[in-house]
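Everything below concerns the one structure shown next.
Just so it is clear, none of the values below were taken in a lab; they were calculated from the coordinates. Since we're looking at a predicted model, the values are computed, not measured. No Cβ is skipped: glycine too gets one built from the backbone with ideal geometry, and neighbour counts run over all protein chains shown.
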Amino acid sequence: MDVEISSLPEIKTEGLALDIDDTLSRTFRYWAGQMQKLFGNPENLSVDEIVLKYNRAQKVPYWQSKEAKAWRKNHITSNELQMKLPLIPDSKIFIDKISNIVPLVAYITTRPESVIEGTKIWLENNNFPTLPIICRPDGIPHEKGSEWKANILEKLNQQVKGMVDDNPNLLNFLPSDYKGIIFLYENNFVDTKLNAIPCRDWETVYEEVKNAFKNYNK
Ligand SMILES: [Mg+2]
């Protein structure tokens, strides 16, 4: 996959990029609550249990019917749904602290470009900093999201020195000589030769960013 650099926003400072879904917003938790009602909950799990067990809708075996997939597809492209997503309160608290250590430079999300408006409103409503939002072009399928994101990070390696993201699949698509640091939110373990740090919560992300960027010259 090759992303045209001319289609990316100009980022003038070096710093950190942020994922949105399940890093700033409890996206899957919201989805899981809806999908349990619509497409069943044969294991009788609470929303928290299903989130913990499967982590994303694609992995829940009984939500793979045509109808469930179509519902998901519809909602991925809904601006209204993005505005309803619950916030991860710690993300806001620690992002403010992190921005005193290293500049935040962009949001990079596999959400499609068609929901950029709803995304902007959600970020504003929750008082997140105004930064360029890089969304997956509508022509790139959802399944290729991690590959697309890795490609963006590679292209922006002069500006984006680190990324906070919950999805370890991203690491599978970064080149082995990639130098940026991936702070893997809500992960306890990571098996990679890349510069990736598992962080069980936002406080850990903050401590690890502080450690990694302590000699950063503002
Ligand atoms: Mg995510």
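Taking the 0 to 90 degree range and rounding to the nearest ten, how far is the long axis of helix 27-39 tilted relative to the main principal axis of the chain, both from C-alpha atoms?
10
Assigning unit charges at the beta carbon (Lys, Arg +1; Asp, Glu -1) and nothing else, what dipole magnitude in debye, to the nearest 20, does the chain show about its Cα centre?
Roughly 120 debye for the chain.
Which residues in region 124-160 place their backbone N less than 20 Å from a point set 7 Å from the Cα of Leu38 along the Cα-to-Cβ direction?
142-143
Over all pairs of distinct alpha carbons, what does the Kirkwood formula give as the hydrodynamic radius of region 27-84, in Å? Display every interim value, and only then the final one.
Working: mean 1/r = 0.0865 Å⁻¹.
Hydrodynamic radius (Kirkwood, Cα pairs) of region 27-84 is 11.6 Å.
Note the direction-averaged projected area, equal to a quarter of the hull surface, for the Cα convex hull of region 101-162, in nm². Could you put the intermediate results ahead of the total?
Values: hull surface 18.6 nm².
If I average the Cα hull's projected area over directions, I get 4.7 nm².
Using the Cβ atoms and a cut-off under 11 Å, what net charge is assigned to the surroundings of Ala196, where Lys and Arg are +1 and Asp and Glu are -1? Spell out each step's value before the answer.
On the way: positive: Lys193; negative: Asp165, Asp191, Glu208.
That works out to -2.
Summing Lys, Arg as +1 and Asp, Glu as -1, what charge do residues with Cβ under 13 Å from the Cβ of Lys53 carry, Lys53 excluded?
Once all neighbours under 13 Å are counted, the net charge is 0.
At a 10 angstrom cut-off on C-beta neighbours, averaged per residue, how do the peptides 177-186, 95-104 rank from highest to lowest?
Answer by packing, highest mean first, reads 177-186, 95-104.
What is the angle, in °, between the Cα long axis of helix 145-155 and the longest principal axis of the Cα atoms in the chain? Nearest 10 is fine, range 0 to 90.
10
Can you tell me how much longer the chain between Arg29 and Arg56 gets when fully stretched, taken as 0.36 nm per residue apart minus their C-alpha distance, in nm with one decimal? Present the calculation step by step, with values, prior to reporting the outcome.
Working: separation 27, 0.36 × 27 = 9.72 nm, distance 0.89 nm.
Fully extending the segment from Arg29 to Arg56 adds 8.8 nm.
Which residue, Ile116, Ser7, Thr77, has the largest displacement toward the positive end of the dipole of the chain when charges sit on each Cβ (Lys, Arg +1; Asp, Glu -1)?
Thr77
Out of every Cα pair in the chain, what percent are spaced more than 22 Å from each other?
On the way: 11928 of 23653 pairs.
Roughly 50 percent, rounded to a whole number.
Report the relative contact order of the chain, percent, no decimals, based on alpha-carbon pairs under 8 angstrom and at least 6 residues apart. Don't skip to the answer; put the middle values down first.
Working: 325 pairs, mean separation 53.7, N = 218.
It rounds to 25 percent for the chain.
Round to the nearest 10 and give me the degree value, 0 to 90, for the angle of helix 202-212's Cα axis relative to the longest principal axis of the chain.
20
Over the chain, with a Gaussian network built from C-alpha contacts below 10 Å, which listed residue (Pro86, Pro61, Pro112) shows the highest mean-square fluctuation?
Highest fluctuation among the options: Pro61.
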